[in-house]
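Trainee: I am attaching a structure below and will ask some questions about it afterwards.
The values are calculated or read from the model by the stated rules, or taken from the named source; none is laboratory data. All values reported here derive from a predicted model rather than from experimental measurement. Here Cβ is always computed from backbone atoms with ideal geometry, including for glycine, and neighbour counts include all displayed protein chains.
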Amino acid sequence: MDELRRTKFVAALKPNYHEWDCVMNETTPINMWKAKLPKNTSLLFSENTVTSILELQALFQSKIPQWHYHKYAEGGHMAPLTHPHIINPLIEEILSTMPEKGNML
């Protein structure tokens, strides 16, 4: 890899540091997530996303079954950016069926 490409590659990785740190070093117990996040939480995910996201979704669904889980067929983990024609209508549908804010907790 030439020097210019290596420099651009390293610069592109910097925003991912905190994401990977969270994935690799997170110590927050699942029950704390359950207690701190609204009971009326919706989790939207693609069935063809990366394995780590599917595993997190499965963990949340097994430990916090009262959340609302919405699976879509295609788009991967970047679907909000690459497939807005799929994701935006799903988000609109999810938001339109949510109870009023006062009834969320």
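Trainee: Give segment 65-105 a look and list any residue that's hydroxyl-bearing (Ser, Thr, Tyr) and either within 13 Å of the chain's Cα centre (by Cα) or not in a loop (DSSP other than H, G, I, E, B) (or both), or say none.
Mentor: In the first step, residues of segment 65-105 are kept if they are hydroxyl-bearing (Ser, Thr, Tyr); the result is 69, 72, 82, 96-97.
Hits for segment 65-105 are 69, 72, 82, 96.
Trainee: What tally of residues in segment 32-64 results from selecting those that are touching a helix residue (DSSP H, G or I) at 6+ places or on another chain (Cβ under 8 Å), modelled with pLDDT of 90 or more and assigned to a helix (DSSP H, G or I)?
Mentor: So the count comes out to 3.
Trainee: May I pose another question? For segment 38-69, enumerate the residues that are closer than 19 Å to residue 87 by Cβ and aliphatic (A, V, I, L, M).
Mentor: 43, 44, 50, 53, 54, 56
Trainee: Have a look at 52, 62 and point out the one that is over 12 Å from the mean Cα position of the chain (by Cα), among the polar types (S, T, N, Q) and loosely packed, with under 12 Cβ neighbours inside 10 Å. Before the answer, list the steps.
Mentor: Values: 52 fails: over 12 Å from the mean Cα position of the chain (by Cα).
Just one listed residue meets the conditions, 62.
Trainee: If you check 3, 93, which single one turns out to be of a type in the set (D, E, K, R) and exposed (fewer than 10 other Cβ atoms within 10 Å of the Cβ)? First the steps, then the outcome.
Mentor: Values: 93 fails: exposed (fewer than 10 other Cβ atoms within 10 Å of the Cβ).
Answer to the check: 3.
Trainee: Considering only residues of segment 6-25 that are surrounded by 10 or more Cβ atoms within 10 Å (Cβ to Cβ) and of a type in the set (D, E, K, R), which is farthest from residue 95 (Cα to Cα)?
Mentor: This residue is 6.
Trainee: Another question, if that's okay. Pairs needed: first member in segment 79-93, in contact (Cβ under 8 Å) with a residue 24 or more places away in the chain and closer than 14 Å to residue 43 by Cβ; second member anywhere, β-branched (Val, Ile, Thr) and surrounded by 14 or more Cβ atoms within 10 Å (Cβ to Cβ); C-beta distance under 9 Å; at least 6 residues apart or different chains.
Mentor: The qualifying pairs are 79/49; 79/86; 79/87.
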